[in-house]
Amino acid sequence: MTVAIQKMTLAEFLAYDDGTDNLYELENGELISMPAESDINQRIASFLFAFLLGLGIPSYRLRIGIEVAVSGSRVSVRIPDLVVLSEELATEMDGATRSIVLMDMPPPLLVVEVVSPNQEKRDYRYKRSEYAARGIAEYWIVDPIQSRVTILEWVDGFYEEKVYVEDNKIESTILANLDLSVDRVLQAR
């Protein structure tokens, strides 16, 4: 749901405080109220966080709830379900007063979005182009509604897409030796 009638700049968004605990994204200058995450979305994001820890990715390079500034027709700020930072970006974020990856910072290595009902277009279309323009090396779309995981690998400014279903093993250029099936992700166990 769009909140502000007038378009906001990034600076206005960063300073915005409506006195509530509501979570917002900035979409092409429009303040969008984010609904609470469903239980399955939280379980999937938590499972992947724990799984990536088990792969040896240090916790300081994993984020849930981090904001990522991206380009649209105006600057937008997205809140992916899970983000893997590069060592360089994690170092740059160290001690930050707000958990946001600004446009002048290196991009995250990997962004994961778990599709929510009625949000398919945002995750499959809009965020895809925004994350590609931001140069994010890999974008995962985990879709419990369609029972699939789409891996988008950034190659020469565009995403190349691979779709995985059921017991397919997910392949990642960012995460070597990944032993993870779609079924396991969607069951979040």
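Taking the stretch 96-106 as the range and being over 12 Å from ARG78 (Cβ atoms) and either polar (S, T, N, Q) or crowded, with 21+ Cβ neighbours inside 10 Å (or both) as the test, the residues that pass are THR97, SER99.
Check the stretch 124-140 and report whether any residue there is in contact with a helix residue (DSSP H, G or I) (Cβ under 7 Å, 6 or more places away or on another chain), surrounded by 15 or more Cβ atoms within 10 Å (Cβ to Cβ) and either small (Gly, Ala, Ser) or farther than 20 Å from VAL70 by Cα (or both). No: the stretch 124-140 contains no residue that is in contact with a helix residue (DSSP H, G or I) (Cβ under 7 Å, 6 or more places away or on another chain), surrounded by 15 or more Cβ atoms within 10 Å (Cβ to Cβ) and either small (Gly, Ala, Ser) or farther than 20 Å from VAL70 by Cα (or both).
Residues in the stretch 111-126 that are within 13 Å of the chain's Cα centre (by Cα) and either at pLDDT 90 or above or at positive phi (or both): VAL111, VAL112, GLU113, VAL114, VAL115. The set of residues from the stretch 165-181 being surrounded by 11 or more Cβ atoms within 10 Å (Cβ to Cβ), touching a helix residue (DSSP H, G or I) at 6+ places or on another chain (Cβ under 8 Å) and more than 20 Å from PRO107 (Cβ to Cβ) comprises VAL165, ASN168, ILE170, LEU180. Here SER116 does not qualify as hydroxyl-bearing (Ser, Thr, Tyr) and farther than 21 Å from ARG184 by Cβ.
Examine the stretch 75-83 for a residue that is among the basic types (Lys, Arg) and either touching a Lys or Arg at 6+ places or on another chain (Cβ under 8 Å) or under 20 Å from GLY54 (Cβ atoms) (or both), and state whether such a residue exists. Scanning the stretch 75-83 turns up at least one residue that is among the basic types (Lys, Arg) and either touching a Lys or Arg at 6+ places or on another chain (Cβ under 8 Å) or under 20 Å from GLY54 (Cβ atoms) (or both).
Hey, can you tell me all the residues within the stretch 1-40 that are outside any helix (DSSP H, G or I), among the hydrophobic types (A, V, I, L, M, F, W, C) and closer than 14 Å to ARG74 by Cβ? Correct list: ALA4, MET8, LEU26, LEU31, ILE32. Residues that are surrounded by 15 or more Cβ atoms within 10 Å (Cβ to Cβ), within 22 Å of ILE40 (Cβ to Cβ) and of a type outside the set (A, V, I, L, M, F, W, C) within the stretch 147-164 comprise ARG148, THR150, TYR164, listed in sequence order. Highlighted here are the strands (runs of 3 or more DSSP E) found entirely within the stretch 99-189 that include at least 3 residues which are over 26 Å from ALA15 (Cα atoms) and of a type in the set (Val, Ile, Thr): 148-155. Please go through the stretch 142-189 and pick out each residue that is closer than 23 Å to LYS121 by Cα, touching a strand residue (DSSP E or B) at 6+ places or on another chain (Cβ under 8 Å) and not hydrophobic (A, V, I, L, M, F, W, C). Matches in the stretch 142-189: ASP143, PRO144, SER147, ARG148, THR150, GLU153, TYR159, GLU160, GLU161, LYS162, TYR164, GLU166.
The values are calculated or read from the model by the stated rules, or taken from the named source; none is laboratory data. Computed from a predicted model, the values in this text were never measured in an experiment. Backbone-built Cβ (ideal geometry, glycine too); neighbour counts: all protein chains shown.
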